Amino acid sequence: MSQPSPLVSVIVPVYNAAPDLARCIESIRHQNWPSLEILLVNDGSSDSSGPICEMYARVDERLRIITLPNEGVSMARNAAIDQAKGKYLQFVDSDDYLSPEATRLLAERAEETNADLVISHYWRVIGEKCTEHGLLEGRQLLDQLAFARCLMEQPASYYYGVMWNKLYRLDLVREHGILCDPSLGWSEDFLFNLEYIRYADRFATLPNPIYYYVKRETSITATQIHLRSLFETKRSLFRYYKELYTNLGLYDQYKHKIYKYLIASAEHR
């Protein structure tokens, strides 16, 4: 008898996302993975995002709505992590969307390799243009040291930094109290990943591009990040980089590349 498919908790922070929200939710609802729950965190939206979430919750019992009074994306993700019931966590931004096989490919890769983290390629969408991005080729299985070495080749890459092209184990997150830091206005996902890497042993790659990242000029990184706040945040994250690589015994070997992170811009690779 085949084993039942493990539950995947898909987490979507929602804040004034009405124009794109239906596309996002529909892409999750139509995943060809039989066992998932969808956690929509309405973070004090003032547009029609709330009613849209409620409409979908009425027609799909897999959807649950968490309501917050506008506390930011980190608190929204943390609230959903606290209520998640799945074996795995998958994150989706409300203005992006998934390919139909995204959850299945991530979960199957995790199950077949017993990986703590699965990382995939993704699509970047700008208007009508869609380009594939990713760094680790093929279907590899890496230990912590090998993955850390790969990360140092592109320390500011979206591929390693974001949460939406990865699958995480919920038990590992809860065991070590890994959460998004609400004090950071951006790069909170990068800090989450650096913390997670400290406790993960097995990393599986997925060469399939399964996530559609919709790039807009109105995004927070395009409109609210000034040079001074950019450097201050990177300086704060730098100590986590240094601590991680010191603990792994790799700091002396890679310190020049860690310092490169301070001046590197975010790269879509």
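The values are calculated or read from the model by the stated rules, or taken from the named source; none is laboratory data. Computed from a prediction, not measured in an experiment: that's the story for all the values here. Please note: Cβ atoms are built from the backbone with ideal geometry, for glycine as well, and neighbour counts cover all protein chains shown.
Side notes on the structure shown:
- Listed by first and then second residue, the pairs with beta-carbon distance under 8 Å, at least 6 apart or on different chains, first residue in segment 195-214 and touching a residue at least 24 places away in the same chain (Cβ under 8 Å) and more than 25 Å from residue 101 (Cα to Cα), second aromatic (Phe, Trp, Tyr) and surrounded by fewer than 19 Cβ atoms within 10 Å (Cβ to Cβ), are 195/240.
- Filter result for residue 138 (at pLDDT 95 or above and over 26 Å from residue 108 (Cβ atoms)): no
- Residues in segment 37-81 that are touching a residue at least 40 places away in the same chain (Cβ under 8 Å) and among the basic types (Lys, Arg): 77 alone.
- Residue 84 buried (at least 19 other Cβ atoms within 10 Å of the Cβ), within 18 Å of residue 18 (Cβ to Cβ), small (Gly, Ala, Ser) and touching a residue at least 60 places away in the same chain (Cβ under 8 Å): no
- Qualifying position, being more than 24 Å from residue 123 (Cα to Cα), touching a helix residue (DSSP H, G or I) at 6+ places or on another chain (Cβ under 9 Å) and surrounded by fewer than 22 Cβ atoms within 10 Å (Cβ to Cβ), among 171, 181: 181
- Taking the criterion of being modelled with pLDDT of 95 or more, over 17 Å from residue 243 (Cα atoms) and over 14 Å from the mean Cα position of the chain (by Cα), the residues of segment 163-198 that qualify are 171, 172, 174, 175, 177.
Conditions tested, residue by residue: (1) outside any loop (DSSP other than H, G, I, E, B); (2) closer than 21 Å to residue 200 by Cα; (3) of a type in the set (A, V, I, L, M, F, W, C).
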| site | (1), (2), (3) |
| --- | --- |
| 79 | yes, no, yes |
| 100 | no, no, no |
| 118 | yes, yes, yes |
| 132 | yes, no, no |
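- Within segment 139-146, the presence of at least one residue that is in a helix (DSSP H, G or I), under 19 Å from residue 243 (Cα atoms), touching a residue at least 40 places away in the same chain (Cβ under 8 Å) and in contact with a Leu (Cβ under 9 Å, 6 or more places away or on another chain) is confirmed.
- Going through (1) under 14 Å from the mean Cα position of the chain (by Cα); (2) under 15 Å from residue 33 (Cα atoms); (3) surrounded by fewer than 21 Cβ atoms within 10 Å (Cβ to Cβ) one by one, residue 104 falls short only on (1).
- So residue 5, is it modelled with pLDDT under 95, surrounded by fewer than 21 Cβ atoms within 10 Å (Cβ to Cβ) and either within 24 Å of residue 204 (Cα to Cα) or among the acidic types (Asp, Glu) (or both): yes
- So residue 136, is it in contact with a helix residue (DSSP H, G or I) (Cβ under 9 Å, 6 or more places away or on another chain) and of a type outside the set (Lys, Arg): yes
- Single unsatisfied condition, residue 37 versus (1) in contact with a Phe, Trp or Tyr (Cβ under 8 Å, 6 or more places away or on another chain); (2) among the charged types (D, E, K, R); (3) assigned to a strand (DSSP E or B): (1)
- Some residue of segment 54-62 being of a type outside the set (Asp, Glu) and closer than 25 Å to residue 115 by Cα: no
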